[in-house]
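So the structure is just underneath, and the comments pick up after that.
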Amino acid sequence: MRPRDIFSGLLLAALSGGCGHEHDGDAKEWTRDELAELEARWGYELSFTGIGSFAHLDYVKCLTRPTEPFDIAILGVPFDTAVSYRPGARFGPRAIRQASSRQTSFRGFNPRADINPYQSWARIVDCGDVPVTPFDNDIAREQMTQAFKELGGRRGVSSASALGANKPRIVALGGDHSLTLPALRALNEVYGRPIQVLHFDAHLDTWNPEAYPSHWGTTPFNHGSMFWMAHHEGLLPNSTSQPSVHAGLRTRLGGKDWTDHTDDTSQNWIRFAADDMDEIGTAGIIEGIMRALGTEQPVYLSVDIDVLDPAFAPGTGTPEPGGWTTRELIRVLRGIEGLNLVGADVVEVSPAYQGRGEETALAAAQVVYEVLSSMVKRRMKDMGKEGRGDGAKDEL
């Protein structure tokens, strides 16, 4: 071996040893005070910083971490291949998370609800997305169902969850509205009983797929027939003392008469039209919903963003003129906070059709925030604890 090669080898070994020695010296034991100092310096998230989880919540891929504790899970369901008109809701979860970026734990107090859902008893985490296939709706439906079962069947962290059979709540970000069927299938298994539904939408979504004949056959699993399927699978109560409720309806109906409404009534639904807002106002709608659903029975809340007028939520798959304002919907949501919500979804956000200001996704993120506020507040009431908001500050 040449002397130059020997020298190069020795130099390389010396440098390697030096680097290793320096690295070993870096492996110090950090004290609790030192770690607290680092957190104080660098741990705070501004609204425009951080990884894009909902409201800057901890992101955990819950479906692959079965021991991860949570009380309420945000779960994206990026599926849109069961739509009848405009696609794009598969990008809804991402858009809703982006639009939630000004929601933080530090500035999360809800003055309408008198609570900060992010600083209360509940551990709320963003569980990421269900990896739903876009190529086969039967497989996708099963993927969604199994994901809802997996997460919904776990045990909650806090003692408050015991008041709901010790099961966590899931708030799903859609995705098209067909995802509600897998959610109801999972809830039926988790709770062992049919679940009443409160459904905000411009459309009934109880249509019999056979009512729209096709030479090539029909597809029962779609975003306009999932409640029809849920009824026939026994996922919804069939007793007139436990109806499910539509609110915000205004779509055109099939045929020449009221057959769609007759079919809807036969499936144990009652209806509030969008125009009822002008006749009885938010107070009348709230009273009617609470009278139908009560405060004790488990209820699933499903919010199709097209319940809002396209002026407020143009980024959706089947927009219908004449809908509610965002403020009206929020007022109704606050008025029904006494419901025993065991799950929820916000669906049909198709961001490609919204404006530059993200108004549709912003509305959806606000709806999720209101739902979280209600879930957390309801459990606090059950524990005999009312959240107080003294000293809350307006958001910048």
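The values are calculated or read from the model by the stated rules, or taken from the named source; none is laboratory data. These numbers were taken from a predicted model, which means no experiment stands behind them. Because the Cβ atoms are built from the backbone with ideal geometry, glycine has one as well, and the counts that use them run over all protein chains shown.
Points to keep in mind about this one:
- When we screen 266, 302, 225, 244 for residues that are closer than 22 Å to residue 180 by Cα, without any contact (Cβ under 8 Å) to a residue 24 or more places away in the chain and under 22 Å from the mean Cα position of the chain (by Cα), the only hit is 225.
- Taken over segment 306-319, the criterion of being assigned to a loop (DSSP other than H, G, I, E, B), surrounded by 24 or more Cβ atoms within 10 Å (Cβ to Cβ) and hydrophobic (A, V, I, L, M, F, W, C) is satisfied by 313 alone.
- Considering only residues in segment 239-249 that are outside any strand (DSSP E or B) and of a type outside the set (Gly, Ala, Ser), the one that is nearest to residue 295 (Cα to Cα) turns out to be 242.
- Residue identified as closer than 24 Å to residue 323 by Cα, in contact (Cβ under 8 Å) with a residue 40 or more places away in the chain and not basic (Lys, Arg) among 230, 273, 283: 283
- Single residue of 338, 355, 322 found to be on the phi > 0 side of the Ramachandran plot, of a type outside the set (Val, Ile, Thr), touching a residue at least 24 places away in the same chain (Cβ under 8 Å) and not in a helix (DSSP H, G or I): 322
- Which listed residue is farther than 30 Å from residue 225 by Cα and at pLDDT 95 or above, from 104, 64, 49: 64
- Against the numbered list (1) closer than 27 Å to residue 51 by Cβ; (2) modelled with pLDDT under 95, residue 144 comes up short only at (2).
- With respect to (1) surrounded by 15 or more Cβ atoms within 10 Å (Cβ to Cβ); (2) part of a helix (DSSP H, G or I); (3) not basic (Lys, Arg), the lone exception for residue 303 is condition (2).
- Where residue 78 falls short, out of the listed (1) farther than 18 Å from residue 171 by Cα; (2) at pLDDT 85 or above: (1)
- Subset tally (residues that are touching a residue at least 60 places away in the same chain (Cβ under 8 Å) and of a type in the set (Lys, Arg)) for segment 50-75: 1
- Residue match in segment 278-297 (condition: modelled with pLDDT of 95 or more, within 30 Å of residue 86 (Cα to Cα) and under 18 Å from the mean Cα position of the chain (by Cα)): no
- When segment 50-76 is filtered for residues that are in contact with an Asp or Glu (Cβ under 7 Å, 6 or more places away or on another chain) and outside any loop (DSSP other than H, G, I, E, B), the ones remaining, listed by number, are 54, 56, 59, 62, 63, 74, 76.
- Test: residue in segment 168-176 that is buried (at least 22 other Cβ atoms within 10 Å of the Cβ), at pLDDT below 95 and in contact with a His (Cβ under 8 Å, 6 or more places away or on another chain): yes
- Taken residue by residue, segment 36-49 has no member that is among the charged types (D, E, K, R), loosely packed, with under 11 Cβ neighbours inside 10 Å, in a loop (DSSP other than H, G, I, E, B) and without any contact (Cβ under 8 Å) to a residue 40 or more places away in the chain.
- Condition check for residue 206: touching a His at 6+ places or on another chain (Cβ under 8 Å), of a type in the set (Val, Ile, Thr), outside any helix (DSSP H, G or I) and at pLDDT 90 or above: yes
- Checking each residue in segment 239-297 for being charged (D, E, K, R) and either closer than 22 Å to residue 336 by Cα or surrounded by fewer than 16 Cβ atoms within 10 Å (Cβ to Cβ) (or both) picks out 250, 252, 256, 257, 271, 275, 276, 278, 279, 287, 291, 296.
- Any hit, segment 215-238, residues being farther than 24 Å from residue 125 by Cα, among the hydrophobic types (A, V, I, L, M, F, W, C), modelled with pLDDT of 95 or more and not in a helix (DSSP H, G or I): yes
- Scanning segment 341-352 for residues that are aliphatic (A, V, I, L, M) and part of a helix (DSSP H, G or I) gives a single hit, 352.
- Unique residue being among the aromatic types (Phe, Trp, Tyr) and farther than 23 Å from residue 85 by Cβ when the list is 227, 272: 272
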